[in-house]
Amino acid sequence: MGGDEQPFPTRKRDREEEDELADGGAAEKRPRAEGASLLGLASYEDDEEEEAARGQANGHRAEGEGKGEEGEDEDDEEDDVRRAPERRPRQVELRRDCPYLDTVNRQVLDFDFEKFCSISLSNLNVYACLVCGKYFQGRGLKSHAYTHSLEAGHHVFVNLQTERAYCLPDGYEINDPSLEDIRHVLNPRFTKEQVLNLDKNKQWSRALDGSNYLPGMVGLNNIKETDFVNVTIQSLMRVTPLRNFFLIPENYQHSKSPLVHRFGELTRKIWHARNFKGQVSPHEFLQAVMKASNKRFQIGVQSDPVEFMSWLLNTLHAKLKSSKKKNRSIIHDCFQGELEVVKEVHRKHIMEKREDGDELNGDAGSVVGTADGTVTETSKVPFLMLGLDLPPPPLFKDAMEKNIIPQVPLFNILKKFDGETVTEVVRPSIARMRYRVTRLPKYLILHMRRFTKNNFFVEKNPTLVNFPVKNLELKDYIPLPKPKENDKLRSKYDLIANIVHDGKPGEGCYRVFVQRKSEEAWYEMQDLHVTETLPQMVALSEAYMQIYEQHE
């Protein structure tokens, strides 16, 4: 190739690399001159992704808990990695033929974990080795990915942010359609048409290990005592408008919250039909939850799915709402209803409360005093879920020396919201409350209060609730406001998710029954275990939290 002009502008450093790798370099150059399949040049700054990633560093750092005490050393190491490449524009060769594509091992690829370099623990400019599945930073000289390619002989890498594939140490970009399935697993995509047809799809998907799975019905990995998160996620995946909203990332691009984007990623992975395995690990989502909740919910500590559901819905709403829509979000569109609350408080308790420096409820609609010293306060209160009180279990055993597990129809405990039944409350002050539903949400979340704390321990109420799986008609049991002229009263609901607690209070585990709409079948899901079940089995369980969908 003596005096021939090289088809690619190279830098001095590139020539030095080729001199060092004389044999490989010569072999590499020969096919180029002979007209190998070249796709021109991809021109951009040296390690441009690193520049882009650095701009987002602060946002990304908030997501990961990865930096430890040796943070300063890591920063020094990152600076070395950044200083190594020269800051001159360079041309990166784009090639369709790569001799190492057959070394790619899809069995070891797992993109569910945080995108951190396995050596420097940095989340800037991270590449996945497609041969062993490990994550490394950078691809310039002296970078961890470059060193790994020389030491281990692994040559195909993909940038986890830009999804571009490269061959190291040669440094050219690979443009090959055979890597498209890896990009789809790294970042699942849905068109609007696919989203609308999801509930009609009855087709099973096949994982790499030969097992079959149903998109949307995949198990979630229990990392450690995280079953309370898994059952909550599986329940929310049945809420069609919420799921459809999070399947299209453009819908929540305006939000800067890592929690919102991790929830969206998890939703897309659960419903993706081209996964390499039949389960998903919610690892990145859990990290975002720990950060956003200030470790109120964390890996390794069992929590209550009702508390978690309440926190998650309120936090997602706060992060998604835009000023244009006056405090509206997809969360409120799906779950928000309204209650009329009538509170009767004795004057004596009001005076005590005032002395403590507290005022009466600021959003009170009206306050009326009566001759016997009672003050009645009426207000409208929005809700995302309704708490139902269970009757206390019997204290004594029956003649057969066995505790009979009592049963109660759902309609009996729904009477709490008929506007007439009085509920006695002690906190924040002694009062008599009456509740009436004035607006029903599209998706009604009911929570059975099974756990009560006394001074010594937490008790669990084993009372079984008898509920209909289909056609729960609310207007027969609670008075509902008359709809506007053109609207019809929508008060009929079908169950779509039922969370159950098994075991003792403070211990035990959670599982969930969910409905698959495409074939109206029911599935029982407990972490990674997904099994089809009968609708009758759903109604026999100790229901703890339920989601009902309103009839159209």
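Put a dot 7 Å past the Cα of Leu528, heading toward its Cβ, do the same for Asp304, and the two dots end up 3.1 nm apart.
The residues of the stretch 130-207 expose, per residue, 46 Å² of accessible area to a 1.4 Å probe.
Stretching Val108 away from Leu141 to a fully extended chain increases their span by 9.3 nm, per 0.36 nm per residue minus the current alpha-carbon distance. What a 1.4 Å probe finds exposed on the stretch 94-185 is 51% carbon and sulfur by accessible area, rounded to a whole percent. Computed with a 1.4 Å probe on the full set of protein chains, the accessible area for Ser518 sits at about 20 Å². When the Cα gyration tensor is reduced to axis lengths a ≥ b ≥ c, the ratio a/c is 1.5 or higher for the stretch 133-281, and with a/b above b/c it is classed as prolate. Each residue, Ser293 and Thr191, gets one label point 7 Å from its Cα in the Cβ direction; the gap between the two is 3.8 nm. For the stretch 197-209, backbone phi angles converted through the Karplus equation (6.51, -1.76, 1.60; θ = phi - 60°) give residue-by-residue couplings of 9, 4, 6, 9, 6, 10, 7, 7, 10, 10, 7, 4, 7 Hz, Gly and Pro being listed as x.
For the stretch 406-506, the per residue solvent-accessible surface stands at 57 Å², with DNA, RNA and ligands left out and a 1.4 Å probe. Can you classify the stretch 228-287 as rounded, prolate or oblate using the Cα gyration tensor, where a ≥ b ≥ c are the square roots of its eigenvalues, rounded means a/c under 1.5, and otherwise it's prolate if a/b beats b/c and oblate if not? Rounded.
For the pair Glu180 and Glu520, the difference between a 0.36 nm per residue extended length and the Cα-Cα distance amounts to 119.1 nm. Rounded to the nearest 20, the Cβ-based charge dipole of the stretch 208-341 about its Cα centre (Lys and Arg +1, Asp and Glu -1) stands at 560 debye.
Spacing of the modelled spin labels on Leu489 and His346, each 7 Å from Cα toward Cβ, amounts to 3.8 nm.
Distant-in-sequence amide contacts of Ser120, defined by a placed amide H-H separation under 5 Å and a gap of 5 or more residues or a different chain, comprise Gln137. Pop the C-beta distance of Thr162 and Gln91 into the FRET formula with R0 = 25 Å and round what comes out to the nearest 0.05. E between Thr162 and Gln91, to the nearest 0.05, is 0.90.
The distance from the alpha carbon centre of the stretch 294-321 to that of the stretch 196-249 is 19 Å, rounded to a whole number. To the nearest 10, the accessible area of Lys470 is 90 Å² with a 1.4 Å probe.
Close amide H pairs (under 5 Å, H built 1.01 Å from N) link Leu388 with His447, Met448, Arg449, residues at least 5 positions away or on another chain. Going 7 Å from the Cα of Ala152 along its beta-carbon direction, which residues of the stretch 168-188 have the amide nitrogen within less than 14 Å of the resulting point? Once the point is set 7 Å along Cα→Cβ of Ala152, 168-169 turn out to lie under 14 Å by backbone N, inside the stretch 168-188. Checking every one of the chymotrypsin sites (Phe, Trp or Tyr not before Pro) in the stretch 153-223 against DSSP loop status and a limit of 13 other Cβ atoms within 10 Å picks out Trp204.
With all protein chains present, how much of the accessible area of the stretch 189-325 (probe radius 1.4 Å) comes from carbon and sulfur, to the nearest whole percent? Solvent-exposed carbon and sulfur of the stretch 189-325 make up 47 percent of the total. Tell me which trypsin sites (Lys or Arg not before Pro) from the stretch 87-130 have a DSSP coil assignment and no more than 11 other beta carbons within 10 Å of their own. Of the trypsin sites (Lys or Arg not before Pro), the ones in loops of the stretch 87-130 whose Cβ has at most 11 other Cβ atoms within 10 Å are Arg87.
The values are calculated or read from the model by the stated rules, or taken from the named source; none is laboratory data. Only a predicted model underlies this, so the values are computations on that prediction, with no experimental measurement involved. Reconstructed Cβ throughout: ideal geometry from the backbone, glycine too, with neighbour counts over all protein chains shown. SASA here: full protein model, heavy atoms, side chains in, ligands and nucleic acids out. Shrake-Rupley method; radii C 1.70, N 1.55, O 1.52, S 1.80 Å.
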